[in-house]
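Working notes, structure below.
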Amino acid sequence: MTGDSAASAPGRSGARPERPVGRDMPGSRSARLLEHGFLRGGVRNSPVLRLLLRWVRRPLLPVMRLWRRNIQLKVVATTLLMSLGVVLLLGFVVIGQVRNGLLDAKVRASQSQATGGFAVAKQKADEAVGSGSGADGAAPAGGRGSPNVTEWMSELVLSLSSGGQGAFDVVTLPPVNDSGGGRGPRASGFVDPNKSIPENLRERVDSGTGAVQSYSRIMYLSDKESQPAVVIGKQVNDPKGEAYELYYLFPLTQEEKSLSLVKGTLATAGLFVVVLLGAIAWLVVRQVVTPVRMAAGIAERLSAGRLQERMKVTGEDDIARLGEAFNKMAQNLQLKIQQLEDLSRMQRRFVSDVSHELRTPLTTVRMAADVIHDARVDFDPVTARSAELLADQLDRFETLLADLLEISRFDAGAAALEAEPIDLREVVRRVVSGAAPLAERKGTTVRVLGDQQPVVAEADARRVERVLRNLVVNAVEHGEGKDVIVKLAAAGGAVAIAVRDYGVGLKPGEATRVFSRFWRADPARARTTGGTGLGLSIALEDARLHGGWLQAWGEPGGGSQFRLTLPRTADEPLRGSPIPLEPKDSRRNRGELDDAGVPRGGGQKSATVPAQPATEQASAARTSLTPRTATTSPTADPTALPGNGARVVSRPVPGGGAGGARQHDDEPAPRTTADSRGPDRADTAGAAGNLGPVDDAAHTASRGNPDLSHAGAEGADEQQEARRGR
Amino acid sequence: MMSFMKGRVLVVDDDTALAEMLGIVLRGEGFEPSFVADGDKALAAFREAKPDLVLLDLMLPGRDGIEVCRLIRAESGVPIVMLTAKSDTVDVVVGLESGADDYIVKPFKPKELVARIRARLRRSEEPAPEQLAIGDLVIDVAGHSVKRDGQSIALTPLEFDLLVALARKPWQVFTREVLLEQVWGYRHAADTRLVNVHVQRLRSKVEKDPERPEIVVTVRGVGYKAGPS
């Protein structure tokens, strides 16, 4: 609740830096957007980018949330990814090893085969030379030898490849830079001799006399598919002594098959391993996560008030220890809460008993005093005056007792809200007519504004009336005979009643302190007026019980305004007030102090109102905060009766609308910051803690129309939300 | 019938000082007080004194005030005003539900007490012959009787007053404050829940189904009105 002004001050000040943005938002922001976003184009294209990002992100959001919130999913996914990595790595290494092993064997076999083949070729050439020279008897001439060599070569290829039976093929080629008339390429087994032998291998064969090997693919002239192979080549001389290239081609089909088999096996095994690891991870994590989830669920139920909830503990492992510790904690918690409840019950009973014990004799004294008082005309002046004093002070004593009991009821948490829909105009009417005699005595007119339409809220009529009576009577008492204005407004989910007076107002820092118990503006003059000093504290508690705010604003010499804001439905948290805390006709808003050109509004408030020295007059007027009329209930104890079927709402937990979590604020406001800032800063500090800008937006906007003002408040709220969201 | 104004009042209170003081004040106002300090003897004293009104303290030795209230109510519709120092909700509600017409919280002013007592006794002053109908009920105001199909329904004077107040203006919605003023005689708004409890009690007697009242209808957010006649 924010009426607890002191408590909400820090939150408020925290929100301050954002203010200038939040306050004069509509105009300047759009202007800035125009400037940066559209006119300069590229300088800040972030809106477009952000839009795109959001568009992309939107469908992913549920997944992301699941990822963030589900540790099981995280662990399983991580395990899957990591094991997949490991399996892939292992697979590559193993496959590499196997391939190397297979190829090494093949290459070695091929090399020995090829070496043998080359030797045969050489031998055949030598033989051909020997037989050729023997047959012809002369050195062969260029033209004549050609057919022979061609034939010889074909035979050679045939005979060499005949040993292979498909295990290898043989190719002969003329050297690259040789015209080699007639010695065309030859190949066994339909091998395409030109395409199957890579160029660089031929160059290497041509440039040396040793055997050279390379990997290649065998291309076939027939429809047979190409296949990988090891090619070993060497330069060999034909019978005419001219060099030609002889190649052995060993297909690697078998090895390829083995390798793909290994690959397949490995992939299957890897997949299995990964899936199994994932499943194992899921199971293992589940073992840990299930108790943790159970603990979380039970903790939630505990915090919801079901204190008898306990975890099931089995075994002696860490999870069991967690459960045991958890249960022990829950038990201790339950015990402590029970103790506190007992204590509170005892305290309540004590207060109730004390009240009973005090009240019966007090009744007798009261009646006796009244009888004496009525008969005072027969007494001598001294006794007559004594009788008057006795009666008066008994009144005061009663009021004080009633207020103390009421406060202690709040403290004990025994106050219950009996809310039902009421028209606040009725309440205001009653309060104003009740205060009429006092107003007449003071020469004050109480005017009511904003009562053309019903102002309906779910509220406890008795409490609201008590709050308003207090505010109105205070305003009349301290209004120095000037008008008192009671203003009603409703907008959005809130209704507000503001009581404005034009009396001495409040000094800096007092706007929060007025709600403190037994606080008096000037202790030296405290006794001159009646009142218990508890009226506004009770009013604050009443407002808080409704989930509403009670706030004060004032300026020295300029009067003050007390504003009660209530949610329209009892459980709804407040987001703003339809009436600005600082009235339109405050001195600053009237522009009296604006000559410095400082814009109006919350941000610069402190600068505009000079701290005024505490005058005699100022301190005198606020001495009493609770005139006796405000709290003397003529009939019944205030919290005595329940409603019929009215909703009973438990004491609101502070925090809905305001940062102020403190229940009581008896100390005279430890708010040095607010005090040092000047009056208005201090006063608005009473507003909703973290909703600072909201309140302020309402503030500025509602200078026009109260409905609009709320729209402003909501807008500000959204923007604030958005800002936070980023 | 001004003599009724100065009626007999039975004070049931164990605090002798308070009882004596009450006696002084009541005598000063022209009532005839009689006293009893013990809950167990209260009923006998009531039968003997035949008071026009009972002032009953809730906290009594012996039988407590609630029980005494119930016993008196069982045999008489005499106005009962409770004196209570316990402001706890439950006590007061239980007191009202046991049949008390009104309650006054200690410490009270003598004038306040006297005003309450007068308000409770006042109704005897105005016997105007009048017949009212509300729902299927026929009310004879002067004869102080309520009948449904010829069967008379027993109501306490207060409940009767409440019913008559509503039945006289069946077109009007009564706020609780107005009822407090008309029926209880409160000048200023007091505890409106006094009305709630008595409306419940009244309903339990005159309604066919108190859960779905047809005679005394709640107008949510405003108050009560008489059902269609």
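The values are calculated or read from the model by the stated rules, or taken from the named source; none is laboratory data. Keep in mind the model is a prediction, meaning the values are calculated, not measured. So basically every Cβ, Gly included, is an ideal-geometry build from the backbone, and we count neighbours across all protein chains shown. With ligands, DNA and RNA removed, areas are computed over all heavy atoms of the protein, side chains included. Shrake-Rupley method; radii C 1.70, N 1.55, O 1.52, S 1.80 Å.
Taking region A:411-469 as the region of interest, the strands (runs of 3 or more DSSP E) fully inside it that hold 1 or more residues being within 12 Å of another protein chain (Cβ to nearest Cβ) and crowded, with 17+ Cβ neighbours inside 10 Å are A:417-423, A:456-459. Kindly establish whether A:Leu103 is open to solvent by 60 Å² or more (accessible area, probe 1.4 Å) and part of a helix (DSSP H, G or I). The answer is no for A:Leu103. The test for being of a type in the set (Ser, Thr, Tyr) and over 26 Å from B:Gly95 (Cβ atoms) holds for B:Ser152. Taking the criterion of being open to solvent by 40 Å² or more (accessible area, probe 1.4 Å) and assigned to a helix (DSSP H, G or I), the residues of region A:306-323 that qualify are A:Asp318, A:Ile319, A:Arg321, A:Leu322. For A:His356, the conditions (1) exposed (fewer than 14 other Cβ atoms within 10 Å of the Cβ); (2) within 11 Å of chain B (Cβ to nearest Cβ) all hold with the exception of (1).
Determine whether A:Ser303 is open to solvent by 20 Å² or more (accessible area, probe 1.4 Å) and farther than 29 Å from A:Leu103 by Cα.
So A:Ser303 passes the test.
The residues in region A:65-77 that are surrounded by 12 or more Cβ atoms within 10 Å (Cβ to Cβ) and farther than 17 Å from A:Pro291 by Cβ can be counted, and the count is 5. The set of residues from region B:14-34 being within 14 Å of another protein chain (Cβ to nearest Cβ) and assigned to a strand (DSSP E or B) comprises just one member, B:Pro33. Can you find, within region A:475-491, the residue that is surrounded by the most Cβ atoms within 10 Å (Cβ to Cβ) among those that are part of a strand (DSSP E or B) and among the aliphatic types (A, V, I, L, M)? Among residues in region A:475-491 that are part of a strand (DSSP E or B) and among the aliphatic types (A, V, I, L, M), the one surrounded by the most Cβ atoms within 10 Å (Cβ to Cβ) is A:Val484. The single condition among (1) at pLDDT 85 or above; (2) within 39 Å of the chain's Cα centre (by Cα); (3) surrounded by 18 or more Cβ atoms within 10 Å (Cβ to Cβ) that A:Pro291 does not meet is (1).
Scanning region A:240-254 for residues that are in a helix (DSSP H, G or I) and modelled with pLDDT of 85 or more turns up nothing.
Just to be sure before I move on: is B:Pro51 modelled with pLDDT of 85 or more, open to solvent by less than 40 Å² (accessible area, probe 1.4 Å) and not acidic (Asp, Glu) in the structure I sent? The answer is yes for B:Pro51. Can you find even one residue in region A:361-373 that is within 11 Å of chain B (Cβ to nearest Cβ) and of a type in the set (Asp, Glu)? There is at least one residue in region A:361-373 that is within 11 Å of chain B (Cβ to nearest Cβ) and of a type in the set (Asp, Glu). Listed by first and then second residue, the pairs linking a residue in region A:367-392 that is closer than 24 Å to B:Glu20 by Cβ to a residue that is open to solvent by 60 Å² or more (accessible area, probe 1.4 Å) and among the aromatic types (Phe, Trp, Tyr), with Cβ atoms under 8 Å apart and 6 or more places separating them unless they lie on different chains, are A:Ala387/A:Phe379. Cβ contacts < 7 Å: first residue at pLDDT 75 or above, restricted to region A:156-167; second residue charged (D, E, K, R), any location; separation 6+ or different chain. Result? Correct list of pairs: A:Leu156/A:Lys124; A:Val157/A:Arg186; A:Ser161/A:Asp169. Between A:Leu333, A:Leu343, the distinction of being more than 14 Å from every other protein chain (Cβ to nearest Cβ), open to solvent by 100 Å² or more (accessible area, probe 1.4 Å) and part of a helix (DSSP H, G or I) belongs to A:Leu343 only.
Based on this model, can you work out whether A:Arg366 counts as under 30 Å from B:Met82 (Cα atoms), open to solvent by less than 30 Å² (accessible area, probe 1.4 Å) and of a type in the set (Lys, Arg)? So A:Arg366 fits the description; yes. Are any of the residues in region A:389-402 farther than 26 Å from A:Thr532 by Cβ, over 48 Å from the mean Cα position of the chain (by Cα) and either surrounded by 14 or more Cβ atoms within 10 Å (Cβ to Cβ) or not assigned by TED's automatic domain parsing to the domain that holds A:Gly533 (or both)? Checking region A:389-402: not a single residue is farther than 26 Å from A:Thr532 by Cβ, over 48 Å from the mean Cα position of the chain (by Cα) and either surrounded by 14 or more Cβ atoms within 10 Å (Cβ to Cβ) or not assigned by TED's automatic domain parsing to the domain that holds A:Gly533 (or both). Reported count of residues in region A:185-239, each being open to solvent by less than 20 Å² (accessible area, probe 1.4 Å), closer than 20 Å to A:Ala119 by Cα and among the small types (Gly, Ala, Ser), is 2.
Does A:Glu398 fit the bill of being within 14 Å of chain B (Cβ to nearest Cβ) and of a type in the set (Asp, Glu)? When the stated conditions are applied, A:Glu398 passes them. For region B:198-216, the set of residues classified as touching a strand residue (DSSP E or B) at 6+ places or on another chain (Cβ under 7 Å) and within 14 Å of chain A (Cβ to nearest Cβ) consists of B:Val199, B:Leu202, B:Arg203, B:Val216, listed by residue number. Taking region A:244-261 as the range and being surrounded by fewer than 16 Cβ atoms within 10 Å (Cβ to Cβ) and either touching a helix residue (DSSP H, G or I) at 6+ places or on another chain (Cβ under 9 Å) or not hydrophobic (A, V, I, L, M, F, W, C) (or both) as the test, the residues that pass are A:Thr253, A:Gln254, A:Glu256, A:Lys257, A:Ser258, A:Ser260.
For region B:93-111, what are the residues that are more than 7 Å from chain A (Cβ to nearest Cβ), surrounded by 21 or more Cβ atoms within 10 Å (Cβ to Cβ) and in a helix (DSSP H, G or I)? Residues satisfying the conditions are B:Gly95, B:Leu96. With respect to the conditions (1) open to solvent by less than 80 Å² (accessible area, probe 1.4 Å); (2) of a type in the set (Ser, Thr, Tyr); (3) modelled with pLDDT under 85, A:Thr268 falls short on a single one, namely (3). Is it true that some residue in region B:117-140 is within 14 Å of chain A (Cβ to nearest Cβ), at pLDDT 85 or above and surrounded by fewer than 20 Cβ atoms within 10 Å (Cβ to Cβ)? Scanning region B:117-140, I find no residue that is within 14 Å of chain A (Cβ to nearest Cβ), at pLDDT 85 or above and surrounded by fewer than 20 Cβ atoms within 10 Å (Cβ to Cβ), so the answer is no. Counting the residues of region A:397-430 that are aliphatic (A, V, I, L, M) and touching a strand residue (DSSP E or B) at 6+ places or on another chain (Cβ under 8 Å) gives 6.
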